[in-house]
Amino acid sequence: MEKIRVRFAPSPTGPLHIGGARTALFNWLFARKNKGVMVLRIEDTDLERSTEESERNIIRDLKWLGIDWDEGPEVGGPYAPYRQTERLDLYREYTERLLAEGKAYYCFCSEEEVEEERQRQLARGETPHYSGKCRHLSRAEQEKYLQEGRPAVVRFRVPAGERVVVDDIVRGRVEFDSDGIGDFVLVKSDGLPTYNYACVIDDYLMEITHVIRGEEHLSNTPRQVLLYQAFGWEPPKFAHISLILAEDRTKMSKRKGDTAVEQYREKGYLPEAVVNFLALLGWSPEGEEEVFLPAELIRQFDLSRVSRAPAVFDMNKLRWLNGHYIKNSPLERITELALPYLQKAGYLGEELTLEEREWVKMVVASVREYPTCLAEIVDYVDVFFNDEIEFEREELKEILRQEQVPRVVAALYDALERAPALTPEAAKKMLRDISKELKLGGKKVYMPLRIALTGKGQGPELYELIAILGKERVVSRINRTLALAGVDL
């Protein structure tokens, strides 16, 4: 059985898109499931738009997602180089071969001529394609025009009247009419190869066995198959995965939400949550379970369970998954990830003592069930940092004016005075003892104390709040809040 080899081949013209990340993930899962090889290849022949910064950012975000590669930038491999701009001599070699065999030719039509022809075809209701004006030039004529310095592209001579068949793993048998393709460009006038040309040569030379990519590339596939046939090479197996649509079932766009992986990373989504979510976009596991760590995804992944139907980007599901991972990840890790957001909000300084870090860990533990991304944690922690209490609703003051409140507060102060250490467990026992001692239901004890400490009717567990604030701040806050409500102790 052949060794499975797959590739992810991004163009470094911007950040890693969500769709690209899913393509990378599906290739990675397929390679790891089948003990195959994952190749990362940088398709950087768009010189105007490609940047080293974009390449660095794509590599950074792939690593953040936990997607590694066996061959490619930073790790090397037997088929190096893995950047297309470093492989131009290879493409020239194969271009000369196609020209010599008459399977390609120089075209001297200007961009304006080609566009005019395209518009005429559209006006006639035809599928635009190159008319073939230069395909009948003799080799001598081509050489003459080249010596004159005329700008030229190299076009592939598409055979007429053929059915191009693609047996797609996801989409089944798909057929194309070669007459509707037109002689397409292999090499641009600046000498750089086009996408369809370079990727065929690279996939063949790198011995790629399976090309797993987005559905939008299906229309490129007949051109690539024709190139494989022209060279006498066996094409890889193709699997075109579905589009990802926005929640309104239209194309994803920046206007409708975040489309780049870095945007989710910066908002405090955990990589395992994003990977879990992306895996479920167009692929269905065997059972009803929706929470999968990468190892389980690898075990279950199979291209036969990839859907042809478009996948809808369900933001609520991503939030739910991320909230799940925030709640179930080690507290130390979540605290470290939360620190930058707390520091940016001005709650914490840049340098923290060991004691301060332990205190922040208690704060994070008390609120981490609420945020769906770590950037939201700042919305839940003000109660621990701000001693200036404002009442959430005016009617909460009335609860503080209930007749039992002075006795509850006095009992709490007495218990605080006697407590050797104020841990959450000690505070929980303290509150239970007060209820028992005063023969009051929990609501009569817990609600007024919560309001006195926070000005709100809901929030973190009261015993955690008391332990985190400490004795002095608890007493100070309660005294100040009761005074605001006009309650005398």
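The values are calculated or read from the model by the stated rules, or taken from the named source; none is laboratory data. Note that the structure is predicted; figures quoted are calculated from it, not measured. Don't worry about glycine lacking a Cβ; one is built from the backbone with ideal geometry, like all the others, and counts go over all protein chains shown. Areas reflect the complete protein model, heavy atoms only, side chains present, ligands, DNA and RNA absent. Shrake-Rupley method; radii C 1.70, N 1.55, O 1.52, S 1.80 Å.
State whether the chain is rounded, prolate or oblate according to the following rule on the C-alpha gyration tensor (a ≥ b ≥ c being the square roots of its eigenvalues): a/c under 1.5 gives rounded; otherwise a/b larger than b/c gives prolate, and the remaining case gives oblate.
Values: a/c = 3.25, a/b = 3.07, b/c = 1.06.
Note, shape of the chain comes out prolate.
Relative protection proxy for 139-148, 35-44, from highest mean packing down: 35-44, 139-148 (other beta-carbon atoms within 10 angstrom).
Figure the gain on full extension for Glu86 and Gln121 (residue separation times 0.36 nm, minus the Cα-Cα span) and round it to one decimal in nm.
Gain in length upon complete extension: 8.8 nm.
Within the accessible area of the chain, what % is carbon and sulfur when the probe is 1.4 Å and the other protein chains stay in place? Solvent-exposed carbon and sulfur of the chain make up 49 percent of the total. In order along the stretch 231-239, the phi-based Karplus estimate (6.51 cos²θ - 1.76 cosθ + 1.60, θ = phi - 60°) of 3J(HN,Hα) comes to 7, x, 9, 7, x, x, 7, 9, 9 Hz; Gly and Pro are listed as x.
With the simple spin-label model, which puts each label point 7 Å out from Cα in the Cβ direction, the Ser189 to Gln263 separation comes to 3.6 nm. Taking all protein chains as shown and a probe of 1.4 angstrom, Asp414 keeps an accessible surface of around 80 Å². Sorting Met252, Met206 by accessible area puts them as Met252, Met206; the probe is 1.4 Å, largest comes first, and only protein heavy atoms count. Close amide H pairs (under 5 Å, H built 1.01 Å from N) link Gly214 with Ile241, residues at least 5 positions away or on another chain.
The modelled label-to-label distance between Lys361 and Arg299, using points 7 Å beyond Cα along the C-beta direction, is 3.1 nm. Per-residue SASA remark: Glu52, around 140 Å² accessible (1.4 Å probe; ligands, DNA and RNA not included). Cβ distances below 4.7 Å define possible disulfide partners, and in the chain the cysteines left without one are Cys109, Cys199, Cys373. At full extension, Arg308 and Glu395 could sit 25.8 nm farther apart than now, given 0.36 nm per residue minus the alpha carbon distance. Residue ranking by accessible heavy-atom surface, 1.4 Å probe, largest first, among Trp28, Trp320 comes out as Trp320, Trp28. Note on exposure: Lys439, Lys444 ranked by accessible area (1.4 Å probe, complete protein assembly) read Lys439, Lys444, with the most exposed listed first. Sequentially through the stretch 268-282, phi angles give Karplus couplings (6.51, -1.76, 1.60; θ = phi - 60°) of x, 7, 7, x, 5, 6, 5, 4, 4, 5, 4, 4, 8, 8, x Hz, Gly and Pro residues having no value and appearing as x.
Between Arg480 and Lys237, the contour length at 0.36 nm per residue exceeds the Cα-Cα span by 80.3 nm.
If you take the square roots of the eigenvalues of the alpha-carbon gyration tensor of the stretch 244-327 and sort them as a ≥ b ≥ c, do you get rounded (a/c under 1.5), prolate (a/b over b/c) or oblate? It is oblate, given that a/c is not under 1.5 and a/b is not larger than b/c.
Would you mind getting the accessible area per residue of the chain, heavy atoms of the protein chains only, 1.4 Å probe, in Å²? Could the numbers behind the result be given before it?
Details: 24060 Å² over 489 residues.
Spelled out: the 1.4 Å probe surface of the chain, per residue, equals 49 Å².
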